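The values are calculated or read from the model by the stated rules, or taken from the named source; none is laboratory data. Owing to the predicted nature of the structure, the values given are computational and were not obtained by experimental measurement. Neighbour counts are summed over all protein chains in view; Cβ atoms, including those assigned to glycine, are modelled from backbone coordinates with ideal geometry. Heavy atoms of the whole protein, side chains included, go into the accessibility calculation; ligands, DNA and RNA do not. Shrake-Rupley method; radii C 1.70, N 1.55, O 1.52, S 1.80 Å.
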Amino acid sequence: MNARDLQFLEYLKGYITPHKLGRIEEVLAFRTRYLTVVLEDIYKPHNASAVLRTADCFGIQDVHVIEKSSSYKINPYVTRGAAQWIDLHKYADSSQSAVASCFSSLRGKGYQIYATSPNSGSVSIRDFFPRQKTALVFGNEHEGVSDEVVREADGLIHIPMFGFTESFNISVTASLFLYDFLGKIRHDLPEGFFLGDSEKQELRFRWYQEIVKNAHIHRKKFFGDG
């Protein structure tokens, strides 16, 4: 952010109540990119939207969506506004596969990638501790993660089942994984678990504009481009 952006940030602050400003700081204090979620080719938009809501509730800043046969559109009735607070990244097939594009981006940011799957060789959630930045990949409602994801991931992980059905709903599965992982991590927080100061400032800049009514008009007048 440059000096002009910082001035605009302070300007917007004057239009936000102390209660909301305090709430933003509370949320920022627990925001993390140590864990992230990847959704592969989700057929039902409400399921993906429910995962976005889950991610926001757990303080996860990024959700990645791999689009193949299905493109994802946010369902605002399910997200309950969560989509405006997180970063949504989409990957579609182009010169390389969407999976390859997504995984390359994640590995470039230091993530290990684990796909959720009951396949042979999968590790139980009970025996897994995320000792480095971890991306969890969830497959679609009918087939789970693709063979490509299984092949390219660093490993597989699953939640043991004791009933006749083989899996939970995707939003339930994401909730269980994130709750378990965050519970383990917070007993021994790794360095860099929470967002850095510059990352927090970027989110303030964006979130203030989400909160202030007609922020786009304020922006045009402030920056003199309207």
Could you provide, to the nearest whole Å², the per residue accessible area of the chain with probe 1.4 Å? 54 Å²
With the contact rule set at Cα under 8 Å and sequence spacing of 6 or more, what percent relative contact order holds for segment 1-125? 19 percent
Can you list the residues, at least 5 places off or on another chain, whose amide H is less than 5 Å from the amide H of Val65, using H built in the peptide plane? Leu39, His89, Lys90, Tyr91
Whole-Hz ³J(HN,Hα) from phi, Karplus 6.51 cos²θ - 1.76 cosθ + 1.60, for segment 147-154, glycine and proline x: 4, 5, 5, 4, 5, 8, 6, 6
Using a 10 Å Cβ count of at most 12 others and DSSP loop calls, identify the longest part of the chain lacking such GluC sites (Glu not before Pro). 1-142
Distance from a point 7 Å along Cα→Cβ of Tyr15 to each backbone N in segment 170-213: keep the residues under 19 Å and list them by number. 202-213
Quick one: what Rg and Dmax do you get for segment 147-197 from the alpha carbons, in Å? 14.7, 48
In nm, the gap between the two label points placed 7 Å beyond Cα toward Cβ at Ala3 and His89 is 3.3 nm
Using θ = phi - 60° and the Karplus curve 6.51 cos²θ - 1.76 cosθ + 1.60, what whole-Hz ³J(HN,Hα) does each residue of segment 167-182 get, with Gly and Pro shown as x? 7, 7, 4, 4, 5, 5, 4, 4, 4, 5, 5, 5, 4, 5, 4, 5
Is there a pair in Lys44/Lys68; Lys109/Lys184; Lys133/Lys200; Lys109/Lys133 whose C-alpha atoms are over 20 Å apart, and which pairs would that be? Lys109/Lys184
Using the crude model of +1 on Lys and Arg Cβ and -1 on Asp and Glu Cβ, and no other charge, please compute the dipole size for the chain relative to its Cα centre, in debye to 20. 960 debye
About its Cα centre, what dipole magnitude does segment 163-202 give when the only charges are +1 on Lys and Arg Cβ and -1 on Asp and Glu Cβ, stated in debye to the nearest 20? 180 debye
How big is the dipole moment of segment 1-126 about its Cα centre under a simple scheme where the beta carbon of each Lys and Arg is +1, that of each Asp and Glu is -1, and everything else is neutral? Debye, nearest 20, please. 180 debye
Arrange the residues Asp93, Asp197, Asp56, Asp41 by how much accessible surface each exposes, largest first, with a 1.4 angstrom probe. Asp197, Asp93, Asp56, Asp41
What Kirkwood radius, in Å to one decimal, follows from the Cα pairs of the chain? 18.9 Å
Helix 3-13 versus the longest principal axis of the chain: what is the Cα-based angle in degrees, 0 to 90, to the nearest 10? 90 degrees
